[in-house]
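We did not get these values from a lab; they are worked out from the coordinates using the rules stated. Computed from a prediction, not measured in an experiment: that's the story for all the values here. All Cβ positions, glycine included, derive from the backbone under ideal geometry; neighbour counts span all protein chains shown.
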Amino acid sequence: MAVGVFDSGLGGLTVLDAVAKRLPEVPFVYYADSKHAPYGVRDADDIYDLTTRAVANLWDAGCDLVILACNTASAAALRRMQENGLPKGKRVLGVFVPLIEALTERQWGDNSPPREVAVQHVALFATPATVRSRAFQRELAFRAIGVDVEAQACGGLVDAIEEGDMILAEALVRSHVDALKRKMPHPQAAILGCTHYPLMLEVFQEALGADVTVYSQANLVASSLDDYLKRHPDMLGTGTESRFLTTGDARKVSVHATQFLKRPLSFEAA
Ligand code: DGL
């Protein structure tokens, strides 16, 4: 039994960490497509092709269930993958819906009509491809009315994080928050709509101010996966060990991943 966790690079480790803490008995196979990161500057067809290839490798590694721990892939590829049909017995879940359910005060799978919610001014920070897809606004419109969303495409931020250049990453967060605030001076809530961004959570919170509620996905995805596996225990797959796979330079990726999670991680070539 193993569950696949996919990201273009290291960002999905924020999700992996939360799901592994919540479900310590479940082996996870993490797949970083580091060779092709970042995805956020690619077009939708390219993101779809790369994501389907990576997910097929996770099926081969013994996973029946794969979490796209990548908003860019969830926004640009998930719906199309589901529409085109997955192999029998396989499932792919994205990271958008748990976050939007939390923001709109809904329980898992509550499909009742959209209604007014407490929050009205929401800042979305995401990659250029996620912002362009408008997937967040679409999912939100199914659940809430009267919510004003201002999206800020955070160009350069994923590259800086992947390279471990935290000084540049911090400067970029501050300038993207400034740009957002010029468009929406008083957001009530901010969504970190890229799994790399929780690594900069404190900088986002400080730049936004203490009165802005910052939503990040890892714990929300972990509790929704826990709930899903209780209802579908047969989706645990045949793999039996946790592994870390990358399409990039395994040694370099291991060094950066160890810095991020502050525990030793050893990647192998995918
Ligand atoms: N961490 C991913 C996301 O959530 C990918 C970012 C990228 O590769 O540009 O969007």
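List of remarks:
- Straight-line reach from K21: taking Cα to Cα under 17 Å and skipping same-chain neighbours fewer than 8 places apart, the aspartates and glutamates in range are D226, D227, E241.
- Each stretch of four or more DSSP H residues adds -39500 (n - 2.57); spread over every residue of the chain, this sum gives -12000 deg cm²/dmol at 222 nm.
- Gyration tensor (alpha-carbon) shape descriptor, the stretch 59-187, a/c threshold 1.5: oblate
- Which of V203, C70, A2, positive extreme of dipole for the chain (C-beta unit charges): A2
- Counting all C-alpha pairs of the chain, share separated by more than 24 Å (%): 46
- Compactness of the stretch 140-262 - radius of gyration and Dmax, Cα, Å: 17.7, 50
- Under 20 Å from K252, Cα to Cα: aspartates and glutamates that are on another chain or at least 8 residues apart: D7, D17, D33, D159, E162, E163, D165, E268
- Taken along its principal axes, the alpha carbon cloud of the stretch 173-219 reaches lengths of 28, 19, 16 Å, longest axis first.
- Listed peptides 9-17, 260-268 by packing density, highest first (mean Cβ within 10 Å): 9-17, 260-268
- Taking the DSSP bridge list for the stretch 72-172 and keeping only pairs wholly inside it, about 0 percent are antiparallel.
- Relative contact order [Cα under 8 Å, 6+ residues apart], the chain, whole percent: 28
- Close amide H pairs (under 5 Å, H built 1.01 Å from N) link R243 with F28, V29, Y30, residues at least 5 positions away or on another chain.
- Alpha carbon convex hull of the stretch 1-120, projected area averaged over orientations, nm²: 8.8
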